[in-house]
C-alpha cells in the first residue's frame with residue numbers, strides 16, 4: 001500500500017518489491033537464527049554458556065523407534081524440526097480447549113554432504129498419510145491407519161510424553177518418505193513467545209486486516225510490532241487470512257522467522273535482550289541425546305552460515321486437495337506422486353533440489369482417482385488378495401471394475417492399460433511406488449488391469 005510505513009517509522013517496501021526480495025531472503029533466516037543462537041550463547045560467558053546449553057532437554061528415542069527404519073542417506077544429515085502446540089506454562093489464555101499435544105509445524109532439514117547446500121522440506125499438517133503402529137504414553141499401542149500427519153505427535157503425546165510424541169512423528173515421516181531421520185528438534189509455543197518478547201516484539205506487515213477467532217487474532221493491515229498472543233496468533237492464523245490453507249500459513253511462518261532473525265541480529269549488542277532471547281529459545285528446545293546442547297547446534301549453525309543463501313532451498317511436499325480424489329474430504333491434502341517420492345529419493349541420494357526444479361517435476365495434477373476404473377487380478381496365490389487390494393484402492397478414491405484371479409501366478413506386479421486409458425493408468429501408478437504402467441496386449445479387454453504379484457508395493461494413503 002502506498003505511503004505505508006514500518007513500525008520504526010521507515011517506509012515499507014511495495015508488495016511487488018517485497019515478493020522479489022522474499023525469495024532471496026528466505027534462505028537467510030535459518031542460518032542467521034541458528035548462528036545467533038549458538039554464537040550469541042558462546043559470547044555470554046562460561047556460566048551463561050553452560051546454563052543455556054543445559055536448558056536444552058535431551059531425549060533418548062532409540063528404544064521407541066524399533067529396528068525397521070530406512071537406510072541412512074548417501075551423504076549429509078536429516079534433522080526433523082517439530083513445532084509443538086504444547087501450552088505448558090501458558091495457562092488458559094490461549095488454546096484452553098486443547099486436550100492433546102499437537103505438532104503445528106513439521107520440517108525436514110537436509111544438509112548436503114559437501115556442505116554447500118541445504119534443503120528445508122515442509123510437510124503440510126493436513127497431509128493425509130498412513131500413521132504406523134505407535135506406542136501411546138499409557139503403554140497401549142495403536143494400529144496402522146490413515147490420517148493427517150500431525151496426529152502422529154498427538155498419539156505419542158496422549159499423556160504429555162514428548163519422547164513418545166517425537167518417536168511416533170519420526171516413525172510416520174520415515175514410513176511415508178523412506179528417509180531416515182538422524183536428529184530431531186522440538187520447539188514449543190512457550191519458548192516462542194519468550195523469544196519474541198525478549199526482543200521487544202517482531203515486525204509483521206499483513207496486506208489486509210486479519211480476523212481469526214481460532215487463532216485469537218485481530219490485526220490491522222500494515223507494518224507493526226507484535227508480541228505475546230498477537231505474535232503467537234499471527235504464526236498460527238489460517239482461516240482469517242489469504243486462502244485459508246495450511247500451505248499459505250507455511251509461507252507466513254517462514255516470513256515471520258525471517259523477521260525474527262533480523263530482529264535478533266539487531267539485538268546482538270544488547271546483553272539483556274540477547275540473553276532473554278537465548279534463554280527462552282533454549283528452554284523451548286527438546287532434542288535427541290546427540291543433538292541436545294549448544295555444541296552440536298554450533299556445528300550446524302557454522303555449516304549453514306557458510307552456505308550461499310540461494311543454496312538453502314525451502315520446499316513444500318508437492319500436494320493437491322484430497323477432495324479431488326475423495327469428494328467428501330474438504331480438509332486434507334494428498335501428496336502428488338511421483339513428484340513427492342522423487343523429492344524424498346533426492347534427499348536419500350544427497351542430491352540438491354531447487355524450488356523451480358520441484359515445480360517443474362510436479363507438472364500437471366494427475367487424473368482424479370474417481371475417474372480411474374481398474375480391474376484387480378490376484379497373481380500371488382494367496383486367497384483374498386485381490387479383494388484386499390481393491391478395498392485399499394477404493395479407500396483412495398479409485399473405482400473397481402472387478403476382481404479375480406490371474407490365469408497363472410504372477411512373477412511380478414504389472415499394470416497394463418489400453419491406449420485410451422494412458423493418463424488414468426499414470427495416475428494409479430503414482431500411488432503404487434516403483435510400478436510403471438505398460439501398454440496392454442492388442443487383444444486385451446479395454447481398460448486398466450492391475451495384476452498383483454508377490455512384489456506388490458504398499459498403497460500410499
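The values are calculated or read from the model by the stated rules, or taken from the named source; none is laboratory data. Here the structure is a predicted model, which means the values were calculated and not measured. With ideal geometry, Cβ positions are generated from the backbone for all residues, glycine too; neighbour counts draw on all protein chains shown.
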(request) Give me a count of the residues in the stretch 327-345 that are buried (at least 19 other Cβ atoms within 10 Å of the Cβ) and under 18 Å from residue 72 (Cα atoms). (result) 3
(message) Taking the conditions exactly as written (touching a residue at least 12 places away in the same chain (Cβ under 8 Å), within 26 Å of residue 392 (Cβ to Cβ) and within 17 Å of the chain's Cα centre (by Cα)), does residue 122 satisfy them or not?
(response) no
(message) Exactly one of these conditions fails for residue 334: (1) more than 15 Å from residue 430 (Cβ to Cβ); (2) assigned to a strand (DSSP E or B). Give me its number.
(response) (1)
(request) Could you check how many residues of the stretch 54-85 are surrounded by 15 or more Cβ atoms within 10 Å (Cβ to Cβ), touching a helix residue (DSSP H, G or I) at 6+ places or on another chain (Cβ under 6 Å) and in a loop (DSSP other than H, G, I, E, B)? (result) 4
(request) Taking only the stretch 371-394 into account, find how many residues are surrounded by 14 or more Cβ atoms within 10 Å (Cβ to Cβ), farther than 13 Å from residue 429 by Cα and in contact (Cβ under 8 Å) with a residue 24 or more places away in the chain. (result) 11
(request) For residue 215, state whether it is in the same structural domain as residue 112 (by TED's automatic domain parsing), on the phi < 0 side of the Ramachandran plot and in contact (Cβ under 8 Å) with a residue 40 or more places away in the chain. (result) no
